Amino acid sequence: MDAAALSGGFANPAIDSARVFREVLQAMARPGRIARISGVGPPPGLSPAAAAVLLTLADDTTPVHLAGPCDTAIIRDYLRFHTGAPVAARGRAAFAIGPWEALVPIIDYPFGSDEYPDHAATLIVEMPALAATGARLTGPGIRDEAYLSLPEIAPFRENRRLFPRGLDFIFTSGDAIAALPRTTIVGAR
Amino acid sequence: MYVAVKGGERAIAAAHGWLDEERRGDPAIPELGTDQIRTQMTLAVDRVMAEGSLYDPDLAALALKQARGDAIEAIFLIRAYRTTLPRFGASIPIATGAMACERRISAIFKDAPGGQVLGPTFDYTHRLLDFALMAGGEAPSSAPQSEPRDAAKPHVTEILAREDLIQAESEHDEVDTPPDLTRAPLSLPASRALRLQALARGDEGFLLSLAYSTQRGYGRNHPFVGELRVGTVAVEMEIPELGFAVEIGEIVVSECESVNQFTGSKTQPAQFTRGYGLVFGRGERKAISMALVDRALRWKELGEENTGAPAQDEEFVLAHADNIQASGFLEHIKLPHYVDFQAELELIRKLRSEALAHLGADA
Amino acid sequence: MSGYNFAYLDEQTKRMIRRALLKAVAIPGYQVPFASREMPMPYGWGTGGVQVTAACLVPEDTLKVIDQGADDTTNAVSIRAFFARVADIATTEHTRDASVIQTRHRIPEAPLREDQILVFQVPIPEPLRFLEPRETETRKMHALEEYGLMHVRLYEDIARHGEIAKSYAYPVRVEGRYVMDPSPIPKFDNPKLDDCPALQLFGAGREQRIYALPPYTRVESLDFEDYPFKASRPDHPCALCGARDSYLDEVVIDDAGGRMFVCSDTDYCNDRRAAGHRGEMAAPFEEMPE
């Protein structure tokens, strides 16, 4: 195991992860809102925001899928050491992480059942940048409308049609984070 | 003029102080030690361990002392403590066949390999108050106490199994890691392993009454005590670094296997069936109750009719067996509900005044 | 408090609750099962709300706890003291100063803001429970969006009483999909659930369910075109602060049938009196010792 994988966790896990969770919760509750989170020093190939989300939410009960460039030995070691989460195929993932091109198609992930729509994956999408422009968002959590630089539009509209089943998305870039729950109605600008 | 009552904090502090005083009782009488409770109130300690789901006689004794002898309050203290403890892993299944039995009886055979061991039971005592105990009592005359006999005591049901007279327990529903209802929300239908877990920590009184109801015809399944054994077993844990299991301690458990009548179904020839009960400590009443309720819950698996009896109803039994959940919710109606009551009050007044106006108009 | 983790719960438990909370926010009104832990207070006394609050708190938070709208009721005092001890956070009795508010049976009168989270304690999270006691059945009804039985039941009330005889825990429909129990708040409070700027979280510990209303979510009280929902309205002004828009407790003041009506939201009432409002039985305002 690379020694770099052993470092870079939260300095004070209880407090640091509480702060990260609060931002993630507000991001999910207010789609399109961009927040900043910090506290971890991730290995190469993982943004600080994405790593902070994983360290806050993943553990040995949540299989994580590492997509494309995120599936490296050092990221596997980092994940295992800090969270104990098993690395899994898409079809079993509670969380999946990677750039959008490596994550799609989204239909590969568990999206829950009508009886247990919560048994669905959360995708952590690593983005080159995040900005409040682009796709128009409406729905729960949004007073009038919001905008977010989504990588595409059609897959999110497909996802919305599955409701109450569906995937939920967290977008990360550097230390920035935004989210898009399955309820959000995504339109072209 | 009206001054709002504002004394919550003071009232709570005063109540706690008074409670401490009541617990201690008359200071002229020596204080009860937890070692006395642990060694002389053993069955109370065992019940707290069983329903508290934590095998620790010292803490159970402490909980009983703190709870002034109230079993459910003591169980609650243990549960609340238990939930904060880290988990290191799961033991391998205990081998009750290798139990050092202090008691082992079978009601279905006059004798069985390994012998009948009556042990320290109340069963044949005449329930006459022993006033000598009140007088300060003597140490009991040293009764002949047979050492737990080392002779192997195979499970009595194995004798039936050899002739294929009793239904074999399926291996496949026992998964590698048993489900843990303290770590995952209960989802229905439950596996048998999960049901047994819920029953093992369920309220003794609730299980006793349910089991009794099956005997009286509500989900009747004609049980015999195939075997009841009480004694000490080793707890072993697989240590990954070593590659084998090591003993980490010993616990006392009570185990009951019931043998139940079964006339066969369309798909199965006639065979006896089983119910199973296992409880921490010496709790044979609970173990027998558990076996009967377990057996009643297995109606679907055994192709029996659901007669609508409470003991056959998995959701009913599992949702109501836990006395900490039950007592918490029952007692929460002591909390103020005046906002809801006010809403009801207004509604009733309104409905009544409308109805009375109606009557008046009609008159 | 030494020996216990920040906000009492261990990190693994918090992660489990946090994951449930995120799914709850993503599926408004749907009850997410979670492995509720045994807490050091009894089931039925706010263990669900306490676990949700514990999973959300950060050291910078200021917590307010109310029961029946009041900060000084015994269980509110007890829960507030618990968090002050295990999370070392600031507490307040003022709605406006709170970042997290845990409540039993009321929504504060003062409008909530975007930077606030309201956590409800829920005894029975299943709105269909009074029609069908089985979770296995109600789960199917929610999955199939089969709420006809509920409407029939409510309409029977109208046939018998001329109105829906449900004065608290009045069921709501969330974003036109899930029927949800708003916890036993009086129906007076139901309109405050709708389009609320604050995030609203619901925790039912004994029943092992978490659910949520994201901010600005459409929440409609169930009704019929010919019998639209009407929130109850107070018949009196508050005897202390004179408010005509707040939910009132009826206080029996003697054994001859004498009674007075006062705000159930003690902070709202105090604020109004501090601002000079007077009801007909008010003494001159004095700041209450905290």
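The values are calculated or read from the model by the stated rules, or taken from the named source; none is laboratory data. Keep in mind that what you see is a predicted model, and the values were worked out from it rather than measured. Please note: Cβ atoms are built from the backbone with ideal geometry, for glycine as well, and neighbour counts cover all protein chains shown. In case anyone asks, the SASA skips ligands and DNA or RNA and just uses the protein heavy atoms, side chains included. Shrake-Rupley method; radii C 1.70, N 1.55, O 1.52, S 1.80 Å.
For A:Asp114, indicate whether it is open to solvent by 50 Å² or more (accessible area, probe 1.4 Å), in contact (Cβ under 8 Å) with a residue 12 or more places away in the chain, in a loop (DSSP other than H, G, I, E, B) and within 11 Å of chain C (Cβ to nearest Cβ). So A:Asp114 fits the description; yes. Considering the conditions (1) buried (at least 16 other Cβ atoms within 10 Å of the Cβ); (2) touching a Ser or Thr at 6+ places or on another chain (Cβ under 8 Å), A:Tyr109 is excluded by exactly one of them, (2). Of the listed requirements (1) in contact (Cβ under 8 Å) with a residue 40 or more places away in the chain; (2) surrounded by fewer than 13 Cβ atoms within 10 Å (Cβ to Cβ), B:Val45 misses just one: (2). Annotation: of all residues in the stretch C:256-278 being under 22 Å from B:Ala343 (Cα atoms) and in a loop (DSSP other than H, G, I, E, B), the one that is farthest from the other protein chains (Cβ to nearest Cβ) is C:Gly257. The set of residues in the stretch A:140-180 being over 21 Å from A:Leu66 (Cβ atoms), open to solvent by less than 20 Å² (accessible area, probe 1.4 Å) and assigned to a loop (DSSP other than H, G, I, E, B) consists of A:Pro140, A:Gly141, A:Ile142, A:Pro164, A:Gly166. Residues in the stretch B:20-36 that are open to solvent by 90 Å² or more (accessible area, probe 1.4 Å) and of a type in the set (A, V, I, L, M, F, W, C) were compared, and the one that is farthest from B:Ala67 (Cα to Cα) is B:Ile29.
Matching residues to (1) out of contact with any Phe, Trp or Tyr (no Cβ under 7 Å at 6 or more places or on another chain); (2) hydrophobic (A, V, I, L, M, F, W, C); (3) without any contact (Cβ under 8 Å) to a residue 24 or more places away in the chain:
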{"site": "B:Gly281", "(1), (2), (3)": "yes, no, no"}
{"site": "B:Phe316", "(1), (2), (3)": "yes, yes, yes"}
{"site": "B:Asp340", "(1), (2), (3)": "no, no, yes"}
{"site": "B:Glu354", "(1), (2), (3)": "yes, no, yes"}
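Is at least one residue of the stretch C:187-198 free of Cβ contacts under 8 Å to residues at least 40 places away in the same chain and open to solvent by 10 Å² or more (accessible area, probe 1.4 Å)?
yes
Residue-by-condition table, conditions (1) open to solvent by 70 Å² or more (accessible area, probe 1.4 Å); (2) over 16 Å from B:Val279 (Cα atoms); (3) outside the structural domain of B:Met237 (by TED's automatic domain parsing):
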{"site": "B:Pro179", "(1), (2), (3)": "no, yes, yes"}
{"site": "B:Ala198", "(1), (2), (3)": "no, no, no"}
{"site": "B:Arg201", "(1), (2), (3)": "no, no, no"}
{"site": "B:Gly205", "(1), (2), (3)": "no, no, no"}
{"site": "B:Leu208", "(1), (2), (3)": "yes, no, no"}
{"site": "B:Ser213", "(1), (2), (3)": "no, yes, no"}
{"site": "B:Tyr218", "(1), (2), (3)": "yes, yes, no"}
{"site": "B:His222", "(1), (2), (3)": "yes, yes, no"}
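When each of A:Ala18, A:Ala5 is tested for being in contact with a Leu (Cβ under 7 Å, 6 or more places away or on another chain) and open to solvent by less than 40 Å² (accessible area, probe 1.4 Å), the lone residue that passes is A:Ala18. For the stretch B:255-363, the helices (runs of 4 or more DSSP H) that sit wholly inside it and include 2 or more residues that are in contact with a Gly (Cβ under 9 Å, 6 or more places away or on another chain), surrounded by 18 or more Cβ atoms within 10 Å (Cβ to Cβ) and at the interface with chain C (Cβ under 9 Å from one of its Cβ atoms) are B:323-331.
The set of residues in the stretch C:155-174 being open to solvent by less than 60 Å² (accessible area, probe 1.4 Å), more than 23 Å from B:Ile333 (Cβ to Cβ) and either more than 14 Å from chain B (Cβ to nearest Cβ) or among the basic types (Lys, Arg) (or both) consists of C:Val172, C:Arg173, C:Val174.
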